[in-house]
Amino acid sequence: MRIHPKPTQRGSYGQPGLRRGRRRVERYRDRRGRGLRSPLLPQNVPAYNTRSDEFDAVALEAFAEIDAQWHDQLSGLDIAVDEIPRLLPRDPETVEWPDEVTADGAVPLARLIPAGMDVHGVPTRAQIILFRRPLESRAKKGTDLLELVHEVLVQQVATHLGVDEDTIDRGPE
């Protein structure tokens with residue numbers, strides 16, 4: 001099908017009365033080298049998961065054992081994952097973190113935010129925030145990461161409940 005020029009007041013290239021009309025064709029192409037415009041993998045294959053999704057699965061697996069033993073005491077506790085810590089020390093050589101922060105030197109790995117009130121007066125639940133990037137950089141993938149996340153969660157849950165870390169691993173008596 002050929003498209004004929006439509007008359008307009010001022011056409012392209014300075015020709016009055018003529019305008020070149022083009023039919024818009026929807027195309028999916030790699031413009032300017034930015035890559036494909038559709039997903040490479042279907043969503044139902046394991047390779048589709050992002051690193052963040054994989055870390056979330058590791059965190060849930062590490063917390064499952066603790067939750068199975070302490071479920072009643074942890075009903076008001078939330079677990080969250082953040083990319084990087086938002087709190088950094090002013091002097092990295094002489095930093096002393098409070099009990100609510102689990103850190104490796106000057107880099108925090110997790111933080112416990114106790115229950116309280118927000119700015120609007122609404123009660124909030126206690127929350128453990130795991131920092132994904134520092135934890136991933138300190139452990140290899142697989143079992144090392146799982147063990148490190150489990151160890152950090154044990155420390156944070158022990159701080160939340162006010163008990164010793166060995167008590168968390170043994171379970172309530």
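What the table below lists for this structure:
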| quantity | calculated |
| --- | --- |
| Theoretical gain in end-to-end length, Lys140 to Glu65 [0.36 nm per residue, Cα-Cα removed] | 24.9 nm |
| Loop-resident sites, the stretch 111-161, for trypsin sites (Lys or Arg not before Pro), counting at most 16 other Cβ within 10 Å (DSSP) | Arg125, Lys140, Lys141 |
| Three-way shape label, the stretch 47-113, alpha-carbon gyration tensor, a/c 1.5 | oblate |
| Shape of the stretch 104-152, Cα gyration tensor, a/c cut at 1.5 | prolate |
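Computed from the coordinates by the stated procedures, all read-outs in this text should not be read as laboratory data. Just so it is clear, the model here is predicted, and its values are computed rather than measured. Please note: Cβ atoms are built from the backbone with ideal geometry, for glycine as well, and neighbour counts cover all protein chains shown.
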